[in-house]
Amino acid sequence: MDDQSYNPNGSYQYSNKPNRKSFNLKNLVKIVVILAIVLVVAVVGAGSFYTIGEQENAVVTTLGVPQTVTSPGLHFKIPFIQQVHKVDMTIKGFSIGYDEDSNESKTDESLMITSDFNFVNVDFFLEYRVTDPVKYLYSSSSPVSILKTLAQSYIRDTIGLYPVDDVITSGKSQIQSEIKSKIMTRMEQEDLGIQLVNLTIQDAEPPTAEVMTAFKDVENAKQGSETAVNNANKYRSEQIPAAEAQADQIVQQAEAEKQSRINEANGQVARFNAMYEEYSKFPGITKQRMYYEAMEELLPGLRVILTDENGNSLKMFNFGE
């Protein structure tokens with residue numbers, strides 16, 4: 001619209017000069033519109049991409065329908081239509097019976113009763129990981145809380161089946177294995193997209209210092225007994241082979257002596273039979289020869305002493321000389 005001005009002669013004069021104020025307002029509106037468009041484009045562009053880490057999965061929900069994305073890197077999504085929830089797939093853990101930060105005992109979680117009606121404090125540590133991100137996000141509001149509740153239930157149930165001595169000393173491995181098996185079976189039935197990886201007993205002890213001392217004494221006595229039994233078995237394993245070897249040696253010597261005497265006896269029998277056969281043929285000659293042979297054996301060691309009528313030694317003969 002053209003500007004108009006009043007002249008002194010009583011008439012109006014029109015001018016084609018534009019209104020400076022109106023021009024500045026139009027430019028400002030244009031700038032605001034451009035900035036708004038740029039901002040919308042930036043927001044839409046920023047919301048169109050997301051990144052998945054190496055140890056992550058993403059659940060992309062499109063109009064209520066979830067889908068798992070497992071490949072790491074940069075991915076595109078439709079703004080305002082698709083929603084992305086990232087899930088950490090690494091192994092995580094939590095404690096039962098004690099506080100991880102302060103390491104202080106939680107009596108309401110750790111105090112349990114055994115099959116022989118004794119009280120005991122038992123601390124556990126559970127490790128778990130997500131196996132199905134979609135079920136982990138949408139099957140329940142808090143699958144980790146469900147896992148912890150089930151674990152506490154099965155822990156108390158299993159501890160109650162064992163005497164206190166097994167819980168504190170020799171039965172820990174069996175108890176751990178049994179509880180782990182029960183929890184894993186139940187989690188498979190619940191199908192919450194979360195899996196128990198490992199369960200370990202961190203500590204197990206009586207609730208009072210006096211009882212703890214008594215159990216330590218019992219454990220020391222058991223260890224001493226086991227040491228004595230092991231030493232006895234070791235001595236037994238060392239002595240039995242030595243005794244068996246000595247027995248074998250005695251038997252072998254006896255067998256050798258037996259065989260030697262048998263052979264000697266057989267030789268004497270054969271000699272006697274041969275002599276008897278010769279004697280039966282020529283008794284006189286054989287008898288005389290046997291006499292000479294006997295004298296040959298006796299005379300070398302025979303000593304003869306000649307004495308007079310008073311018993312005085314006159315001469316001594318050694319036939320062996």
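Per-structure values
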item: Net +/- balance of residues flanking P133 in space, Cβ distance below 10 Å, scoring K and R +1, D and E -1; result: -1
item: Which listed pairs, of K135/K172; K182/K222; K86/K182; K106/K180; K92/K216; K148/K172, have C-alpha distances above 28 Å, in listed order; result: K135/K172; K182/K222; K86/K182; K92/K216
item: Local electrostatic count at D99 - Lys and Arg +1, Asp and Glu -1, tallied over other residues with Cβ under 11 Å; result: -4
item: Charge sum, other residues only, whose C-beta stays under 13 Å from Q223's C-beta, Lys/Arg counted +1 and Asp/Glu -1; result: -1
item: Under Karplus coefficients 6.51, -1.76 and 1.60, residue-wise ³J(HN,Hα) of region 108-124 in Hz, glycine/proline x; result: 5, 9, 8, 6, 9, 10, 9, 5, 9, 6, 10, 9, 8, 9, 10, 10, 10
item: Placed amide H near T131: partners under 5 Å, 5+ positions off or other chain; result: I194, Q195
item: Residue exposure sequence - Y291, Y98 - by fewest surrounding Cβ within 10 Å; result: Y291, Y98
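Rule-based calculations on the coordinates, nothing more; no lab input. Keep in mind that this is a model prediction, so the values were computed, not measured. In this analysis, Cβ positions are derived from the backbone assuming ideal geometry, glycine residues included, and neighbour counts consider all displayed protein chains.
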